[in-house]
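Everything on this sheet refers to the single structure shown next.
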Amino acid sequence: MASVTLRGIRKDFGRTQVIKGIDLAIEDKEFVVFVGPSGCGKSTLLRLIAGLEDATAGDILIGGRTVNTVAPKDRNIAMVFQNYALYPPMTVARNLGFGLRAARLPAAEIDRRVNEAAAMLGLETLLARRPGELSGGQRQRVAMGRALVRDPQVFLFDEPLSNLDAQLRNQVRTEIKKLHQQIRTTAIYVTHDQVEAMTLADRIVLLRDGRIEQVGTPTDLFERPANRFVAGFIGSPAMNFFPARLDGAEIVLPWMRLPCPPFATAPTDGRITLGIRPEDFLAGTDTHAVPEACRFEAQVGVVEPMGSESLLVINAAGTDIQVRLIGRAFPQTGSTLGFAVNPAELHVFDAATGNTLRR
Ligand SMILES: Nc1ncnc2c1ncn2[C@@H]1O[C@H](COP(=O)(O)OP(=O)(O)OP(=O)(O)O)[C@@H](O)[C@H]1O
Ligand SMILES: [Mg+2]
């Protein structure tokens, strides 16, 4: 087990700058998730840590040792990819032990480790099968098992669930989390799926265009996003954003004026973006819980009942708003209804910079 430290990491491919200066300290035993839109550099950063790419500048330390010039196989890491890369002619048992045989471990030790990994991942009854005789989820578990038997200092995962269907994805995701809670090996996990990031991570590193936008716990990023990009990326359905204006102690929207405590600094022209998450709206009699100034009327457009909750698109003075209501009851399309915003959950951004305004 080991810490991983990145200092001033940059990576260019030819003239294209892909990683533009990353500083990050990952602690021993931590589960860190790199998340961000496609092409932001997540896989490249992981491959730099694995040693599959050389950094253009900067230092990478694993367990306090600089590994810039250390070959991938000597970095004591194990990587799990999206395409499991199993050997089709070999049984599960031989696939699991492949790396250990290559490293010339004694047969008894290989057996011991293979059986231990198989037990951890519930693969005991599948050891004699070949990859072609396994489901996608089972194959991914074998791929994880192959990393596990090597007892690495650090696990690297690159979108290991993206080939699985939605249900299996949830199941294997839970297994990965359970596994980490058992063995506590430092793990770095790449995904573009913010739900995976939220559910797995001790800390999330949100990347955009080769730079870090914010590092923090899932709660930090959800409740205290540094800027509008983070606010819009984390949370599903995504946060609503409205162009608005600060006027003294009020936020002015076309459809309401919201009371608002002052900020430490505010844009001089008062131009802000107001962010409200879909779940921070109230409807019907629930609106009585908040001050009158936070209430407004809107017309119900699209209604998507989901069983225990419903997703609505409502319209207030020409503005479409995504709303998520908890509970089995839902309003009718076309009706006009009283809504309110929870004044404790407003996110206010400088319209020009996108940065969060702090109190
Ligand atoms: N070998 C390479 N040569 C040139 N450009 C590359 C190379 N590898 C990656 N890139 C570019 O670097 C950028 C980042 O790629 P990377 O694979 O790290 O993105 P990602 O965040 O993992 O995206 P995704 O979510 O789609 O997997 C992309 O614009 C990509 O085209
Ligand atoms: Mg990738």
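The values are calculated or read from the model by the stated rules, or taken from the named source; none is laboratory data. Note that the structure is predicted; figures quoted are calculated from it, not measured. Using ideal geometry, Cβ is built from the backbone for each residue, glycine included, and neighbour counts are taken over all protein chains shown.
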Close pairs (6 angstrom Cβ cut-off, 6 or more residues apart or separate chains): closer than 16 Å to Ile22 by Cα and at pLDDT 90 or above in the range 57-86, hydroxyl-bearing (Ser, Thr, Tyr) and buried (at least 16 other Cβ atoms within 10 Å of the Cβ) anywhere: Leu61/Thr5
Can you list the helices (runs of 4 or more DSSP H) found entirely within the range 140-249 that contain at least 2 residues being touching a residue at least 60 places away in the same chain (Cβ under 8 Å) and within 16 Å of ligand 1 (Cβ to nearest atom)? 194-200, 228-233
Can you tell me how many residues within the range 1-40 are more than 30 Å from Ile183 (Cβ to Cβ) and among the aliphatic types (A, V, I, L, M)? 1
Given the condition within 30 Å of Val33 (Cα to Cα), surrounded by 17 or more Cβ atoms within 10 Å (Cβ to Cβ) and either among the charged types (D, E, K, R) or modelled with pLDDT under 95 (or both), answer yes or no: does some residue in the range 209-229 qualify? yes
Are any residues in the range 303-340 closer than 14 Å to Pro237 by Cβ and part of a loop (DSSP other than H, G, I, E, B), and if so, which ones? Met306
Regarding the range 75-87, can at least one residue be identified that is outside any loop (DSSP other than H, G, I, E, B), away from ligand 2 (no atom under 16 Å from the Cβ) and touching a His at 6+ places or on another chain (Cβ under 7 Å)? no
Give the residues of the range 314-344 that are surrounded by fewer than 18 Cβ atoms within 10 Å (Cβ to Cβ), under 27 Å from the mean Cα position of the chain (by Cα) and of a type in the set (A, V, I, L, M, F, W, C), sorted by residue number. Ile326, Ala344
Filtered residues of the range 104-119 (kept if of a type outside the set (Lys, Arg) and surrounded by fewer than 19 Cβ atoms within 10 Å (Cβ to Cβ)): Leu105, Pro106, Ala107, Ala108, Glu109, Asp111, Asn115, Glu116, Ala119
For the structure I just gave you, tell me whether Met79 is away from ligand 1 (no atom under 16 Å from the Cβ) and either in the same structural domain as His192 (by TED's automatic domain parsing) or under 22 Å from Gly216 (Cα atoms) (or both). no
Residues within the range 183-233 that are among the aromatic types (Phe, Trp, Tyr) and more than 20 Å from Ile272 (Cα to Cα), tallied: 1
Which of the strands (runs of 3 or more DSSP E) found entirely inside the range 1-66 contain at least 1 residues meeting this: more than 20 Å from Ala187 (Cβ to Cβ) and either in contact with a Lys or Arg (Cβ under 9 Å, 6 or more places away or on another chain) or within 16 Å of ligand 1 (Cβ to nearest atom) (or both)? 4-13, 16-26, 57-62
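May I ask you to list the residues in the range 292-302 that are assigned to a helix (DSSP H, G or I) and either loosely packed, with under 12 Cβ neighbours inside 10 Å or out of contact with any Lys or Arg (no Cβ under 9 Å at 6 or more places or on another chain) (or both)?
If the condition is that a residue be assigned to a helix (DSSP H, G or I) and either loosely packed, with under 12 Cβ neighbours inside 10 Å or out of contact with any Lys or Arg (no Cβ under 9 Å at 6 or more places or on another chain) (or both), then Glu292, Cys294 are the ones that fit.
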Tell me which residues, restricted to the range 230-252, are buried (at least 19 other Cβ atoms within 10 Å of the Cβ) and among the hydrophobic types (A, V, I, L, M, F, W, C). Val230, Ala231, Phe233, Ile234, Met239, Ala244, Leu246, Ile251
Residues satisfying the stated conditions in the range 12-46, i.e. surrounded by 15 or more Cβ atoms within 10 Å (Cβ to Cβ) and free of Cβ contacts under 8 Å to residues at least 40 places away in the same chain: Thr44
If I filter the range 26-74 down to residues being hydrophobic (A, V, I, L, M, F, W, C), within 19 Å of Leu148 (Cβ to Cβ) and out of contact with any helix residue (DSSP H, G or I) (no Cβ under 9 Å at 6 or more places or on another chain), which single residue comes out as farthest from ligand 2 (Cβ to nearest atom)? Val32
